[in-house]
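So the structure is just underneath, and the comments pick up after that.
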Amino acid sequence: MAVPEFRLAVVERFNEIKDTEIQDMIDNLVYMSTVYQTAFERNFERHDNMWGRHLLANTAPSVMEIDSFAGQAQFLIDWLQARVTWLDSYFNNREYHYRRHLDWLLQRLN
C-alpha cells in the first residue's frame, strides 16, 4: 500500500464496514454456532474436526487442543473480534498515515 490514495481508500472502506458488515458477519457466526450447536458438535465428534488433523499441521497447538465445536467457534469469534480491533487501531493511527505518506513522497523526490 505504497500509494497514499489507495491506502486512504482501504481505510475509508474498512471504517464504512467495520460496524456493519464485519460485525454482522461475527454476529451471524455467534447465531449459527448457537442455533446449530448440537448438530455441529455431532459432526465435529464424528469427523475428527471435519478437516482431519493432517490438514491443520501449521495450526498453533493451542487451537488443536480445543476439543469441541463450541470451543473452536468461540476461538474463531474471539480471533475475528481481536483482528477487527487491531485493524481499527492500525488503520486509524495518524502516525501510520503520515509516515507512509512521507515515505511515498521521499521515494518520488529521489
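The values are calculated or read from the model by the stated rules, or taken from the named source; none is laboratory data. All figures in this text were calculated on a predicted structure; none of them were measured in a lab. Methodologically, a virtual Cβ is constructed for each residue, glycine included, from the backbone with ideal geometry; neighbour enumeration extends over all protein chains shown.
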- prompt: Which pairs have Cβ atoms under 7 Å, sit 6 or more apart or on different chains, and link a residue in segment 48-73 that is on the phi > 0 side of the Ramachandran plot and surrounded by 12 or more Cβ atoms within 10 Å (Cβ to Cβ) to one that is at pLDDT 60 or above and of a type in the set (S, T, N, Q)?
  reply: MET50/ASN43
- request: Report, by residue number, each residue of segment 58-69 that is over 18 Å from the mean Cα position of the chain (by Cα) and either at pLDDT below 75 or not hydroxyl-bearing (Ser, Thr, Tyr) (or both).
  value: PRO61, MET64, GLU65, ILE66, ASP67, PHE69
message: Can you name every one of the helices (runs of 4 or more DSSP H) wholly within segment 1-57 that holds 2 or more residues which are within 18 Å of the chain's Cα centre (by Cα), at pLDDT 90 or above and of a type outside the set (Lys, Arg)?
response: 4-17, 21-35
